[in-house]
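Reading through the structure tokens given below for one structure.
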Amino acid sequence: MTSIQQRAALQRQIWQIANDVRGSVDGWDFKQYVLGTLFYRFISENFAAYIEAGDPHIHYAQLADSVITPEIKDDAIKTKGYFIYPSQLFAKILATTNTNESLNTDLAAIFSAIESSANGYPSEQDIKGLFADFDTTSNRLGNTVKDKNLRLAAVLTRVGELDFGNFEESKIDFFGDAYEFLISNYAANAGKSGGEFFTPTHVSQLIAQLAMHKQTSVNKIYDPAAGSGSLLLQAKKHFDAHVIEDGFFGQEINHTTYNLARMNMFLHNINYDKFNIQLGNTLTDPHFLGDKPFDAIVSNPPYSIKWKGSDDPTLINDDRFAPAGVLAPKSKADFAFVLHALSYLSAKGRAAIVCFPGIFYRGGAEQKIRQYLIDNNYVETVISLAPNLFFGTTIAVNILVLSKHKPDTRTQFIDASGLFKKETNNNTLTDDHVGRIMEVFDTKENVPHFALSVDHTTVAEKDYNLSVSTYVEAKDNREVVDIAELNAELKTTVARIDRLRADIDAIVAEIEGSKDQPKQVEA
């Protein structure tokens, strides 16, 4: 079985497990238990592999907790960021899961111990609260301890049955893929709320490639609305790890999603010292002020959400928003995220941001911000995508690419609205679609009905409208009609009709004449 086939088989199996074990619990509510169990198994096996260091004579799960010296523990936490005793490993708990009458409380104690093992170490904030949403005492699992244990045992058993192959050769990738697959499916089935924390993989690939284009190395990559971390991780997948020198940074406002993002980093084998995901409101309580600027920024911020805006008089003096001279409307924070990203962007970098299309043509404050962006030559490209590519919305969104190192004052517009493949309830971008967009983004070539680059003065003349349809003429797919040929066909048709009418009139006259003849009477 090839790795692609194995991955597909694993994905089918894990989604079946997710549905089988949840019983009557809503899938969205139950996602934390499946995702959390997968994470628990991963860090257990990852940690055991670290301790064993490839020595076939060492089996960490078979060791007694008492043989672990303070020095071993200290060294492990400094390296891995956390510590797990042999008795706390997933495999050890799994062995007695169906007979353990205190399974739910034992798991709670283990999760607490893993988190607290990092206290006082540099990894403390990266580990703290990771299992907060894996509530083993929740009534979602059942009304009695017995019910809770049965549900937990089912989840642990089924996740334990998953075959990830040889750890060093493939397990890291398969664990990460399985986790991402689960998040994607939960997002697809969660409606609008799903789209708030997960960017579909095919779109993430495009955004990551836009932000990293032609950069042989970047200092770090940043997502100010990180969600589950899918955009950051696409950058890792498409570029060798050494290209992103100082790691992955992100901020997320939702606590549960913030935990998902941190777990996602570990599951993709990004060590605690190579990522920094923070909890909080990016617009009003931004982190990483001391870490900027960033060479690559990717983001899919929430569309047209409300924010403080002009209700907070200090924001107009904020270094992020002050240069534009105006704040994004209180009812539509889209451009606040754009200006935030721009302020965090380095002189050599790019930001690729998913945007609601309305911000590119509306007047008022949004028009003034567009003017600021164009007059200062920050807008490299605007790309319109096909509708129904994202979970929870059918709108056709745009990608705004910002740059501080443009070689000229031209702005590129790409109409990619016709590039999509219909799959189930959503459209998707194929690798060929992404490749075509990236090719014209790279060359800046003008392609009829697809791409056009215009000078700053042209955009200014159009009141700084940045809608792609304003510049790229849509292809007329109506059938071309040859009028002369059509007239000749009409003349032929009319002549035939006239002949038919004459023939019909003659037949009718003959019939009518026969009726007027007197009938002969037989003798």
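Here is how the numbers come out for the structure above:
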| read-out | value |
| --- | --- |
| Heavy-atom SASA rank of Glu45, Glu485 (probe 1.4 Å, accessible area, largest first) | Glu485, Glu45 |
| Assigned charges on the beta-carbon of Lys, Arg, Asp, Glu; the stretch 239-345 dipole about Cα centre (debye) | 400 |
| Residue order for His202, His340 - accessible surface, 1.4 angstrom probe, largest first | His202, His340 |
| The chain - percent of accessible surface contributed by carbon and sulfur, probe 1.4 Å | 50 |
| Positive-end residue of Tyr50, Thr37, Val67, charge dipole of the stretch 19-92 with Cβ unit charges | Thr37 |
| Test item: Cα-centred dipole of the chain, Lys/Arg +1 and Asp/Glu -1 on Cβ, debye | 680 |
| Angle between the chain longest axis and helix 334-344 axis [Cα atoms, degrees, rounded to 10] | 50 |
| Quotient of Cα Rg and 2.2 N^0.38 Å for the chain, N being how many residues it contains | 1.33 |
| Nearest-ten-degree value, helix 201-212 long axis tilted from longest Cα axis of the chain | 80 |
| Mean Cβ neighbour count within 10 Å, used as a protection proxy, ranking 109-122, 322-335, 142-155 highest first | 322-335, 142-155, 109-122 |
| Amide H contacts under 5 Å for Ser453, placed H, 5+ residues apart | Phe413 |
| Cα-Cα P(r), the stretch 212-315, percent of pairs per 10 Å interval | 15, 47, 28, 9, 1 |
| Nearest-20 debye value, the stretch 357-412 charge dipole, Cβ charges on Lys, Arg, Asp, Glu | 60 |
| Dipole axis of the stretch 29-184 (+1 Lys, Arg; -1 Asp, Glu on Cβ), positive-most option in Ala76, Phe175, Leu94 | Leu94 |
| Among 453-460, 301-308, 259-266, 346-353, the order from most to least packed when residues are scored by Cβ within 10 Å on average | 259-266, 346-353, 301-308, 453-460 |
| Relative contact order [Cα under 8 Å, 6+ residues apart], the stretch 259-377, whole percent | 27 |
| The stretch 221-301 - percent relative contact order, Cα under 8 Å, separation 6 or more | 43 |
| Per-residue SASA entry for Phe248, accessible area with 1.4 Å probe, Å² rounded to 10 | 20 |
| For the chain, calculated [θ]222 nm from helices alone, where every DSSP H run of n ≥ 4 adds -39500 (n - 2.57) | -14000 deg cm²/dmol |
| Pairwise Lys count, the stretch 246-383 - Cα closer than 12 Å, eight or more residues apart or different chains | 4 |
| Surface per residue (accessible, 1.4 Å probe) for the chain, Å² | 47 |
| Percentage of interatomic Cα-Cα distances in the stretch 270-417 larger than 23 Å | 36 |
| For peptides 500-509, 374-383, 222-231, sequence by mean Cβ density within 10 Å, most packed first | 222-231, 374-383, 500-509 |
| Rounded to 5, the percent of DSSP beta bridges in the chain classed as antiparallel | 50 |
| Relative contact order for the chain, counting Cα pairs under 8 Å that sit 6 or more residues apart, in percent | 10 |
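The values are calculated or read from the model by the stated rules, or taken from the named source; none is laboratory data. Treat the numbers as computed from the prediction; the structure is a model and nothing was measured. Using ideal geometry, Cβ is built from the backbone for each residue, glycine included, and neighbour counts are taken over all protein chains shown. Side chains are part of the model used for accessible areas, which takes the heavy atoms of the whole protein and leaves out ligands, DNA and RNA. Shrake-Rupley method; radii C 1.70, N 1.55, O 1.52, S 1.80 Å.
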